Amino acid sequence: MRMSWEDVVLIEEGKSSGDPTVVTVNCPDKAGLGCDLLRVVLEFGLYVTRGDFSTDGKWCYVVLWVVPRPSSVRVDWESLNKRLLSCCPSFLPAFYLNQLTTGSKPPPLYLLTVFSLDRKGLIHDVTEVLCELDLSIQRVKVTTTPDGKVLDLFFITDATDNVKHCSINNRDKLQTNYTREETREHLRVALGECCISCELQLAGPEYDIQEGHSCISEDIAEELFSSEMEDQPQAIRDKLSKVDKASIIVDNRLSPTHTLLQIQCLDQKGLIYDVLKIFKDCDIRVLHGRFYASVQGYRSLDIFIQNENGKEIVDKDNLVGLCSRLKEEMQHPLRVIITNRGPDTELLVANHVEVSGKGRPRVFYDVTLALKKLKICVFSAEIGRHSTSNRQWEVYRFLLDESRGSPLTSNRAKRDIVDEVIRTLMGW
């Protein structure tokens, strides 16, 4: 029986406000498919209330119940459908697949230059517009001039560029003058009278050189990646102490061909994505998975897995290593510190990068949202990468502006900033 593309991804919105939307994906299987799907869901600001995942190794069936979080998030369900579809392996004829594979290349990098008067929440307002237009932020460079103006450089790509099942004419929408002008108009409306100029063009090859260079010193890296729970505000320490109680039970008796992992941990934003990301990075196949609804702030996950050879995992060292990676990802998916850069105050946020090279979705969005809530202006900001002995990290640096409002150097002020940023990132 033939299947049309319209049946691969189905989205059924909730009948009344607050009801979850049911997302169903029914397609050929591939390694890491669950991680790719959950990454897109997280990019759209959606929270998975529960989910089911099943595959026979050839065909996959996924059902997710999702809600916007916070509820004010505007979701373009049609765009979500296309993005999820782009994750699914094609069952088109081989000759067409070959054409798509040969022609595939990284999406073009565009440079968005925004010059405006400074105000609180400015960077987040730009970020929000880009997210709503389905444009992915790859790198950022924000600079404040002495006369109170801001020059924002956003290096962006079209997030829908890899929607390979759409017609070729729909790819790289930023290449048309009409779409670029439409993007600029959305930004001008969002920024209002603050906007002085807004330009969008292809980034030159000279901007690619920045990739792969460490953006922080070894001293800052040591502080960032070895930050202890005692350094966090009390409310966050209470939360993190519950996170540290995460448990993983390994069972090889239930099935002769699968290893069952029963996971229970504190609920947090992106939890299921974080778990599936580890499986993808470690070449672990997920055959069945059930993600239960949160109960009193805790989530339970039952996941049947196999190694890359399609067998249960019996090697104790491999199991210990896998459980250790999972616990680290559940307990510390992000690092947040606030420190001094000379006389100035700097906020640093870091997250693990997938083996594929992709960073965690919506981190820049959430951090700028937290700073906007606190009415703190950003003097400069940038996104870079840093490599440790066994992982690569995406690092966000924000130099905070103390010229407007209360000083940020007191311990109380620093704790409040870290508290709000962590709460926003983790969805607490």
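The values are calculated or read from the model by the stated rules, or taken from the named source; none is laboratory data. None of the values given here were measured: they were computed from a predicted structure. A quick note on method: Cβ atoms are made from the backbone with ideal geometry, for glycine too, and the neighbour counts reach across all protein chains shown. Only protein heavy atoms, including side chains, enter the accessible area calculation; ligands, DNA and RNA are left aside. Shrake-Rupley method; radii C 1.70, N 1.55, O 1.52, S 1.80 Å.
When the range 357-398 is examined, which residues are found to be over 26 Å from Val150 (Cα atoms) and more than 14 Å from the chain's Cα centre (by Cα)?
Once the filter is applied, which keeps residues that are over 26 Å from Val150 (Cα atoms) and more than 14 Å from the chain's Cα centre (by Cα), the range 357-398 yields His386, Ser387, Thr388, Ser389, Asn390, Arg391, Gln392.
Any residue in the range 242-254 that is closer than 30 Å to Ile338 by Cα, modelled with pLDDT under 95 and out of contact with any strand residue (DSSP E or B) (no Cβ under 8 Å at 6 or more places or on another chain)?
There is at least one residue in the range 242-254 that is closer than 30 Å to Ile338 by Cα, modelled with pLDDT under 95 and out of contact with any strand residue (DSSP E or B) (no Cβ under 8 Å at 6 or more places or on another chain).
Out of the residues in the range 284-310 that are in a loop (DSSP other than H, G, I, E, B) and more than 22 Å from the chain's Cα centre (by Cα), which is surrounded by the fewest Cβ atoms within 10 Å (Cβ to Cβ)?
Here the residue is Gln296.
This table checks each residue for (1) part of a helix (DSSP H, G or I); (2) under 15 Å from Cys194 (Cβ atoms); (3) at pLDDT below 90; (4) not acidic (Asp, Glu).
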site	(1), (2), (3), (4)
Val129	yes, yes, no, yes
Val150	no, yes, no, yes
Phe155	no, no, no, yes
Asn162	no, no, yes, yes
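Are any residues in the range 10-25 of a type outside the set (D, E, K, R), at pLDDT 95 or above and either over 26 Å from Asn307 (Cβ atoms) or in contact with an Asp or Glu (Cβ under 6 Å, 6 or more places away or on another chain) (or both), and if so, which ones?
Leu10, Ile11, Pro20, Thr21, Val22, Val23, Thr24
Looking at Cys166 and the list (1) open to solvent by 90 Å² or more (accessible area, probe 1.4 Å); (2) modelled with pLDDT under 90, which single condition is not satisfied?
(1)
Please find, among Val418, Val355, Val349, the residue that is closer than 21 Å to Asp36 by Cβ and of a type in the set (A, V, I, L, M).
Val355
Could you grab me the full set of residues in the range 119-139 that are farther than 19 Å from Ser72 by Cβ and open to solvent by 40 Å² or more (accessible area, probe 1.4 Å)?
Arg119, Ile137, Gln138
From the residues in the range 169-181 that are outside any loop (DSSP other than H, G, I, E, B) and modelled with pLDDT of 55 or more, which one is most open to solvent (accessible area, probe 1.4 Å)?
Looking at residues that are outside any loop (DSSP other than H, G, I, E, B) and modelled with pLDDT of 55 or more, I get Tyr178.
Anything in the range 31-79 that is modelled with pLDDT of 95 or more, among the hydroxyl-bearing types (Ser, Thr, Tyr) and within 21 Å of Arg362 (Cα to Cα)? List them, or say none.
Tyr47, Thr49
To keep it simple, each residue is scored yes or no on (1) touching a Phe, Trp or Tyr at 6+ places or on another chain (Cβ under 6 Å); (2) β-branched (Val, Ile, Thr); (3) open to solvent by 70 Å² or more (accessible area, probe 1.4 Å).
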| position | (1), (2), (3) |
| --- | --- |
| Val355 | no, yes, yes |
| Gly359 | no, no, no |
| Ile376 | no, yes, no |
| Arg385 | no, no, no |
| Arg415 | no, no, yes |
| Ile422 | no, yes, no |
| Leu425 | no, no, no |
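Restricting attention to the range 104-118, and to residues there that are open to solvent by 50 Å² or more (accessible area, probe 1.4 Å) and modelled with pLDDT under 90, which single residue is farthest from Gly192 (Cα to Cα)?
Taking the candidates together, the pick is Ser104.
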